[in-house]
1. Quick check on segment 69-79: of everything there that is at positive phi and open to solvent by less than 30 Å² (accessible area, probe 1.4 Å), which residue is modelled with the lowest pLDDT?
2. Going by the conditions given, is residue 152 assigned to a helix (DSSP H, G or I), at pLDDT 95 or above and touching a strand residue (DSSP E or B) at 6+ places or on another chain (Cβ under 6 Å)?
3. Consider segment 124-142. How many of its residues are over 11 Å from the mean Cα position of the chain (by Cα) and within 21 Å of residue 95 (Cα to Cα)?
4. Considering 101, 57, 82, 66, which residue is within 15 Å of residue 160 (Cα to Cα) and modelled with pLDDT of 85 or more?
5. Please identify the pairs in which a residue from segment 131-150 that is more than 15 Å from residue 98 (Cα to Cα) and surrounded by fewer than 14 Cβ atoms within 10 Å (Cβ to Cβ) has its Cβ atom under 9 Å from the Cβ atom of a residue that is of a type in the set (S, T, N, Q) and at pLDDT 90 or above, counting only partners at least 6 apart or on another chain.
6. Here are some conditions: (1) touching a strand residue (DSSP E or B) at 6+ places or on another chain (Cβ under 9 Å); (2) over 16 Å from residue 49 (Cβ atoms). Residue 133 meets all but one. Which one does it not meet?
7. Could you please let me know if residue 74 is over 21 Å from residue 131 (Cα atoms) and among the basic types (Lys, Arg)?
Amino acid sequence: MVRPSWLRVPALCVVGLLALTGCSFGPAEGTTTPEAAGTASPAPDGRRVSLVQRLGDGPVRSLDVDPSGRWQCRDCAGDGVDATGTLSPEQTQRLQRMLADPAMAKETDEARSYKQGCIGVLTSTLLVPPDLTVTIQDCPGEPKPKVAYDVLLLVTQATPAEDKG
């Protein structure tokens, strides 16, 4: 039987994993901000999204996508390789539409009263600042939150973050 205190473990694990992997919602290490570069170009409108994945007890993989579509991936495919790139303009627009969809707020872990259902499967957590967290597990028969799952598919299919587990 699962103790009630264990129900908070997935959320706490994600926070801890983010800290351990260096995942953040700010600029990537080594990049300059427009202020630092001396330019006054405005930041693109939109939202950023981070994906943290773990297959069973394997290594943590992370992917950050900024509003312009630029992405940075750490241990993208579970092969230890880091990568960067940019989504196509169409993919970026589609991603931003999904991230702005009010339905996604109803898919958060809190709104769904999400509880981890399986052990040893791929667990994907989408983090959309300032306060959206959606966890999706590849459990047989577990319903997938529609908008969040579409976001997950877009970012994993457009980057090396597809599961190679």
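The values are calculated or read from the model by the stated rules, or taken from the named source; none is laboratory data. Keep in mind the model is a prediction, meaning the values are calculated, not measured. All Cβ positions, glycine included, derive from the backbone under ideal geometry; neighbour counts span all protein chains shown. All accessible areas refer to the heavy atoms of the entire protein, side chains included, with ligands and DNA or RNA removed. Shrake-Rupley method; radii C 1.70, N 1.55, O 1.52, S 1.80 Å.
1. Taking segment 69-79 as the starting set, the residues that turn out to be at positive phi are 69, 75, 78.
Going one step further and asking which of them are open to solvent by less than 30 Å² (accessible area, probe 1.4 Å), we end up with 69, 75.
Numbers: 69: 97, 75: 85.
The selected residue is 75.
2. Answer is yes for this residue.
3. Count: 3.
4. Details: 101 fails: within 15 Å of residue 160 (Cα to Cα); 57 fails: within 15 Å of residue 160 (Cα to Cα); 66 fails: within 15 Å of residue 160 (Cα to Cα).
Of 101, 57, 82, 66, the one residue that is within 15 Å of residue 160 (Cα to Cα) and modelled with pLDDT of 85 or more is 82.
5. 131/108
6. (2)
7. yes
Residue-by-condition table, conditions (1) exposed (fewer than 15 other Cβ atoms within 10 Å of the Cβ); (2) closer than 23 Å to residue 158 by Cα; (3) in contact (Cβ under 8 Å) with a residue 60 or more places away in the chain; (4) of a type in the set (S, T, N, Q):
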{"position": "61", "(1), (2), (3), (4)": "no, yes, yes, no"}
{"position": "88", "(1), (2), (3), (4)": "yes, yes, yes, yes"}
{"position": "96", "(1), (2), (3), (4)": "no, yes, no, yes"}
{"position": "104", "(1), (2), (3), (4)": "no, yes, no, no"}
{"position": "113", "(1), (2), (3), (4)": "yes, no, no, yes"}
{"position": "116", "(1), (2), (3), (4)": "no, no, yes, yes"}
{"position": "123", "(1), (2), (3), (4)": "no, yes, yes, yes"}
